[in-house]
Amino acid sequence: MTVSQPQETANGERFPLSRQRRNVAVIGGSAAGLFAALLLSRKGVPVRVFERIETLEPEARTLIVTGRLRQLLGAIAGKSVVNEIRRFELFTDGRTASVSLQSPDLVIERRTLIKNLAGEAQRTGATLELGRRFHSLQPNGRRLILEVERCADGSREEAHVDTVIGGDGASSRVAEIAGWPALETVPLVQAIVPLPKDMARDTVRVWFVPHDTPYFYWLIPESDTRGALGLIGESGADMRGLLEGFLEKRGLEPIEFQGARIPAYTGWVPVQRRVGSSWVYLVGDAAGQVKVSTVGGIVTGFRGALGVVEAILGGHAPAQLGTLRRELDLHLLLRRTMHKFQQADYSRLVDLLNDSIKQSLSEYSRDEAWKLLWRVCLRQPGLILLGLRGLLLGRPALRPARR
Ligand SMILES: Cc1cc2nc3c(=O)[nH]c(=O)nc-3n(C[C@H](O)[C@H](O)[C@H](O)COP(=O)(O)OP(=O)(O)OC[C@H]3O[C@@H](n4cnc5c(N)ncnc54)[C@H](O)[C@@H]3O)c2cc1C
């Protein structure tokens, strides 16, 4: 197929009208990569997924996502959903506020989610090649040659493909090789703990402790008896020490720890690059598609994958990516506002959460941030002043994007 007359999206990215799409390689068999593979194989596109882990037993991780997950995945979400959340309780400096959700957030188990996605992708025709670490790519005529290492014995093999999708996470090798600069990342650590007796299964607790982190601590129940208590921090922070101190204060014994570095979205990362005559795309954490206000990357990674697949299949300018970019930019604005908050600002924030604001917070999910912010500001102008103060005062929050 030939490439002609590019179309421009709201993002300013230019997508050609048609693409070579005969044969796609996805690097990274996790959430975003497998979702992209599944969408392509459903449309009859031959897809090979290269994943470095040897068996389909990815690390367990308790995650909270918006109900949008079910809209995107349908029945595939299935048993990965282990709990539903209907209320958030916010704590800071002796003050509390609680917000009910009209449509519940979902607590999911990452390992089950990935296994479900892998099963469905294979069922629709995608090939999953485990124990294969992507090493490099180079143009070869109108195609690309991938060099992949067999993790078992270190031997190398080649794959000839038309298009590559990098779903290989925050330290994406695909991005590095194709020329995208590295992403800023932040550390995230959480402990699985016994659920405190005074806590309901449908309620998440959030603590703002600016002395420890510009983000927050959370406790997400995954069942009647267990929850995930964690925090996001800044590079260089003693995350494990902070978390252990927090657990000790609450008399909670960790059962296990989970953690990794997550991209800190500092600006939109163009999702495509030309290598020779072929196209290389990024999805999920590899493209920094993470809501930086809460460091949630599952649903946004799926939306990024959807946009990239639309681009590959249709060759048209995908609206999905424009919407995703606006959402991620708004979460960046929120993060920049709150990143400089001191204890007094959090106390005022909790005090300002009057009944009408709680109503807005309960009506709109984090995937509808623009609507939510607009309604909240109309109902409590004091929050605008607090936000402006946060933006104007203090040290710069997050460094600008390097991509
Ligand atoms: C402790 C913790 C809690 C979190 N909580 C939440 C939450 O509550 N809600 C939420 O939405 N998000 C949460 N996140 C973030 C979320 O997990 C990530 O945004 C999401 O998993 C990213 O998915 P991904 O598919 O883009 O990348 P990843 O899940 O990072 O997958 C990348 C895949 O690529 C593979 N890979 C890497 N390099 C290569 C290579 N060279 N060759 C072949 N394969 C390769 C890896 O093995 C991996 O399988 C959390 C993250 C952590 C660490």
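Bear in mind that the values in this text are calculations on the coordinates, not laboratory data. All figures in this text were calculated on a predicted structure; none of them were measured in a lab. Positions of Cβ are generated from backbone atoms using ideal geometry, with glycine treated the same way; all protein chains shown enter the neighbour counts.
With both labels modelled 7 Å from their Cα along Cα-to-Cβ, the Ser98 to Arg240 distance reads 3.6 nm. Rounded, prolate or oblate: which fits region 157-271 when a ≥ b ≥ c are the square roots of the eigenvalues of the alpha-carbon gyration tensor, with rounded for a/c under 1.5 and prolate only if a/b beats b/c? Because a/c hits 1.5 or more and a/b exceeds b/c, region 157-271 counts as prolate. For region 250-307, trypsin sites (Lys or Arg not before Pro) meeting the loop criterion (DSSP other than H, G, I, E, B) and having at most 16 other Cβ atoms within 10 Å: Arg250. Please list, in order, the residues from region 66-101 whose amide nitrogen is less than 12 Å from a point placed 7 Å along the Cα→Cβ vector of Met199. In region 66-101, the label zone of Met199 (backbone N under 12 Å from the point 7 Å along Cα→Cβ) covers 89. Taking the Cα centre of region 151-257 as origin and assigning +1 to Lys and Arg Cβ atoms and -1 to Asp and Glu Cβ atoms, the resulting dipole is close to 480 debye. Spatially, region 95-163 and region 230-306 are offset by 16 Å when compared through their Cα centroids. Taking amide hydrogens as placed 1.01 Å from N in the peptide plane, the amide H of Gln289 sits under 5 Å from those of Gly284, each at least 5 positions away in sequence or on another chain. Dividing the mean sequence gap of close Cα pairs (under 8 Å, 6+ apart) by how many residues region 122-242 holds gives a relative contact order of 17 percent.
The length gained on full extension between Arg42 and Glu253, counted as 0.36 nm times the residue separation minus their Cα-Cα distance, comes to 71.5 nm.
Couplings for region 333-350, taken from phi via the Karplus curve 6.51 cos²θ - 1.76 cosθ + 1.60 with θ = phi - 60°, read 4, 4, 5, 4, 5, 8, 4, 9, 4, 9, 3, 4, 5, 5, 4, 5, 4, 5 Hz in order; Gly and Pro are left as x. The distance linking region 25-78 with region 319-341 is 24 Å (Cα centroid to Cα centroid, whole angstrom). The amide H of Ile85, built 1.01 Å from its N in the peptide plane, has Asp105, Leu106, Val107 as neighbours under 5 Å, considering only residues 5 or more places off or on other chains.
Look at the Cα gyration tensor of region 234-342: its axes a ≥ b ≥ c give a/c of at least 1.5 with a/b over b/c, and that counts as prolate. Within the shell of other residues whose beta carbon sits under 11 angstrom from the beta carbon of Leu332, the net charge comes to +3, with Lys and Arg scored +1 and Asp and Glu -1.
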